[in-house]
Amino acid sequence: MSRKILIGNGILITRDEKSRFFDKGAVCIEGERVLEAGDHALLLRKYQDAEYIDAEGMLIMPGFINTHQHIYSEFSRGMALSGKTPMTFLEILDGIWWHIDRNLALDETYYSAIACGIECIRNGVTFISDHHASFGGITGSLGRIADALQLLGIRACLAYEVSDRDGLDKRDASIAENMDFIERVHRENSNMLKGLVGLHASFTLSDETLDMCLQKNVHGAGYHVHVAEGLYDEEHCEKTYGKSVVKRLIDKGILNRDSFAVHCSHVSCDDMELLADKGVTVIHNPESNMGNAVGAPDIITMMDKGIRVGLGTDGYTNDMMESLKVANILQKHNRKLPDRGFAEAAKMCFENNAVIASEIIGEKYGAIEAGRPADVILVDYHPVTPLNKDNIDGHLMFGVSGSMTDTTIINGKVIMRHRKLVNVDEEQLLAEGREAASRLWMKL
Ligand SMILES: [Zn+2]
């Protein structure tokens, strides 16, 4: 019989189907799964044999989910730009992101994943969907990221960014990297590690490249692709293919029910109808859109049309509460509608991200209920104002940041307790990470 852990004496937010809430609740975990969630006193009597974790009045809630991240961006923090200041989104891509990824070797990719993974754990993120590029070391890069995240114990879905931008040999290697990794996750069939086919964006992907991906994708995995992020992508597609990016990728069979269309900053009403009709998931990354000055996608209209929109961070942060706050104010600001944005941001971050992660993992995720994967965090938040079933999201939006996470439990395993990683030597790993980051910066 597996070991039991009882986490009690905290405010329990289950996000289960009935949205059960307990002022003084508890969760019993057995092995990798939740055994029972409910009243503290009741569970304390029932599970006297369990190892006890005292939540000391903290929030007990499901871990946060990030549906679009670039792990390697961890090594860009504080990086000075050499040469001229980028004046367009394309110059930002070429001058910063592609410049980094062309120089990333496998070892540096590994340590960027270590550094990012540690930050995720410290921000209460238990599932991450990554979109990786390292044209300085393609083959085996997803495996190295998986090694790092598995060492730390985080649940992940990985994809390699296929693109024509560095020549056809590297394009072929990146297609193979996706397919080899997807083959591996199919073979392993673990709910801790999954894969999608990563694609950069329409303007760096020829029809021939898309056809190769479709032909080699024998498991029918979904695609994780940037869509009309900057206006350039949309204009390039109209000029080259005589149609919008959304229409091109839907016609090709790239965007489907299993695919992520990331950003969609420049999509028409017709495009939105198509996305809704085909059941394509859109991922919104508000800080990134603002930072790159690409314009704000109209998330409110997309959600009104029934598109499922999730929330990511796109390399900007590992704190989902930061992305949640900015998603709310960006939509209000963009549409000049003070009464909109809040519900949409909360729905993206909690409800939709949970559904998206559930479909990737292949079982219900993002709720604390019996039988579900035990990914639970304790958040050290003690407001002076009342906190109840009906105002949880308001507290999370305006009062909580990811760094208030005290304890992170993933797949039934305590990963961080009182802000200390318990299964690995965090200082040693970060010291090795600093050496890897220095090596990368020397090349830039
Ligand atoms: Zn991105």
| message | Looking only at residues that are in a loop (DSSP other than H, G, I, E, B) and either of a type outside the set (S, T, N, Q) or within 16 Å of the ligand (Cβ to nearest atom) (or both) in the stretch 251-262, which one is surrounded by the fewest Cβ atoms within 10 Å (Cβ to Cβ)? | response | Arg257
| Where a residue in the stretch 315-341 is farther than 19 Å from Glu74 by Cβ and its partner, wherever it lies, is of a type in the set (Val, Ile, Thr) and surrounded by fewer than 23 Cβ atoms within 10 Å (Cβ to Cβ), with Cβ under 8 Å and at least six apart | Gln331/Ile300; Arg335/Ile300; Leu337/Ile300; Arg340/Ile300; Gly341/Ile300; Gly341/Ile329
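For the stretch 273-328, which residues satisfy the criterion of being on the phi > 0 side of the Ramachandran plot and either within 16 Å of the ligand (Cβ to nearest atom) or outside any loop (DSSP other than H, G, I, E, B) (or both)? Spell out the reasoning first.
If we filter the stretch 273-328 for residues that are on the phi > 0 side of the Ramachandran plot, which is where we start, we get 279, 293, 295, 306, 314-315.
If the condition is that a residue be on the phi > 0 side of the Ramachandran plot and either within 16 Å of the ligand (Cβ to nearest atom) or outside any loop (DSSP other than H, G, I, E, B) (or both), then Ala293, Gly295, Asp314, Gly315 are the ones that fit.
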| said: Quick check on Val218: is it in contact with a helix residue (DSSP H, G or I) (Cβ under 8 Å, 6 or more places away or on another chain), surrounded by fewer than 18 Cβ atoms within 10 Å (Cβ to Cβ) and over 28 Å from Val400 (Cβ atoms)? | reply: yes
| request: Please specify each residue of the stretch 41-58 satisfying the condition of being more than 19 Å from Arg372 (Cα to Cα) and not charged (D, E, K, R). | output: Ala41, Leu42, Leu44, Gln48, Tyr52, Ile53, Ala55, Gly57, Met58
| note | Across the stretch 146-203, the tally of residues that are without any contact (Cβ under 8 Å) to a residue 12 or more places away in the chain and among the hydrophobic types (A, V, I, L, M, F, W, C) stands at 2
| query | With Lys24, Lys84 as the choices, which residue is within 30 Å of Ala296 (Cα to Cα), of a type in the set (Lys, Arg) and away from the ligand (no atom under 16 Å from the Cβ)? | reply | Lys84
| query | When residues of the stretch 210-231 are filtered for being touching a strand residue (DSSP E or B) at 6+ places or on another chain (Cβ under 6 Å), hydrophobic (A, V, I, L, M, F, W, C) and within 16 Å of the ligand (Cβ to nearest atom), how many remain? | reply | 2
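Quick check on this structure: which one of Glu359, Glu351, Glu322 is within 18 Å of Gly222 (Cα to Cα) and among the charged types (D, E, K, R)?
Numbers: Glu351 fails: within 18 Å of Gly222 (Cα to Cα); Glu322 fails: within 18 Å of Gly222 (Cα to Cα).
It is Glu359.
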| task | Would you mind finding the one in Gly124, Gly153, Gly143 that is more than 27 Å from Val218 (Cα to Cα) and surrounded by fewer than 24 Cβ atoms within 10 Å (Cβ to Cβ)? | result | Gly153
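So which helices (runs of 4 or more DSSP H) are wholly in the stretch 83-183 and hold at least 3 residues that are more than 22 Å from Trp441 (Cα to Cα)? Break it down into steps so the answer makes sense when it comes.
Values: elements: 89-92, 98-103, 106-122, 141-152.
Those helices (runs of 4 or more DSSP H) span 106-122, 141-152.
Of a type in the set (Asp, Glu) and surrounded by fewer than 22 Cβ atoms within 10 Å (Cβ to Cβ): does that describe Asp233?
On the way: of a type in the set (Asp, Glu): yes; surrounded by fewer than 22 Cβ atoms within 10 Å (Cβ to Cβ): no.
Criteria not met by Asp233.
Here is a list: Ser265, Ser190. Which entry is more than 18 Å from Glu161 (Cα to Cα), of a type in the set (Gly, Ala, Ser) and more than 16 Å from the ligand (Cβ to nearest atom)? Please lay out each step first, then the result.
On the way: Ser265 fails: more than 16 Å from the ligand (Cβ to nearest atom).
After ruling out the rest, the residue left standing is Ser190.
When you scan the stretch 385-395, do you find a residue that is under 17 Å from Leu149 (Cβ atoms) and not assigned by TED's automatic domain parsing to the domain that holds Ala343, even just one? Spell out how you get there, then give the answer.
Of all residues in the stretch 385-395, those under 17 Å from Leu149 (Cβ atoms) come to none.
Looking through the stretch 385-395, none of the residues is under 17 Å from Leu149 (Cβ atoms) and not assigned by TED's automatic domain parsing to the domain that holds Ala343.
The rows are residues; the columns are (1) hydrophobic (A, V, I, L, M, F, W, C); (2) more than 30 Å from Gly31 (Cβ to Cβ); (3) in contact with a strand residue (DSSP E or B) (Cβ under 8 Å, 6 or more places away or on another chain).
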residue	(1), (2), (3)
Thr301	no, yes, no
Asp314	no, yes, yes
Asn334	no, yes, no
Arg340	no, yes, no
Asn352	no, no, yes
Glu359	no, no, no
Arg372	no, no, yes
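Is one or more of the residues making up the stretch 68-79 farther than 21 Å from Gly433 by Cα and in a strand (DSSP E or B)? Reasoning before the result, please.
Just the residues of the stretch 68-79 that are farther than 21 Å from Gly433 by Cα, to begin with: 68.
When the remaining residues are screened for being in a strand (DSSP E or B), the result is 68.
Yes, the stretch 68-79 contains at least one residue that is farther than 21 Å from Gly433 by Cα and in a strand (DSSP E or B).
Residue by residue, here is whether (1) in contact with a His (Cβ under 7 Å, 6 or more places away or on another chain); (2) in the same structural domain as His226 (by TED's automatic domain parsing); (3) within 14 Å of the ligand (Cβ to nearest atom) holds:
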position	(1), (2), (3)
Tyr72	yes, yes, yes
Phe89	no, yes, yes
Asp94	no, yes, no
Ala113	no, yes, no
| Enumeration of residues in the stretch 126-140 that are closer than 21 Å to Ser401 by Cα, out of contact with any His (no Cβ under 8 Å at 6 or more places or on another chain) and within 16 Å of the ligand (Cβ to nearest atom) | Ile128
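Table: residues versus (1) β-branched (Val, Ile, Thr); (2) within 24 Å of Leu90 (Cβ to Cβ); (3) over 23 Å from the mean Cα position of the chain (by Cα).
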{"residue": "Ile182", "(1), (2), (3)": "yes, no, no"}
{"residue": "Ser202", "(1), (2), (3)": "no, yes, no"}
{"residue": "Leu205", "(1), (2), (3)": "no, yes, yes"}
{"residue": "Leu210", "(1), (2), (3)": "no, yes, yes"}
{"residue": "His224", "(1), (2), (3)": "no, yes, no"}
{"residue": "Val227", "(1), (2), (3)": "yes, yes, no"}
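The values are calculated or read from the model by the stated rules, or taken from the named source; none is laboratory data. Computed from a prediction, not measured in an experiment: that's the story for all the values here. So basically every Cβ, Gly included, is an ideal-geometry build from the backbone, and we count neighbours across all protein chains shown.
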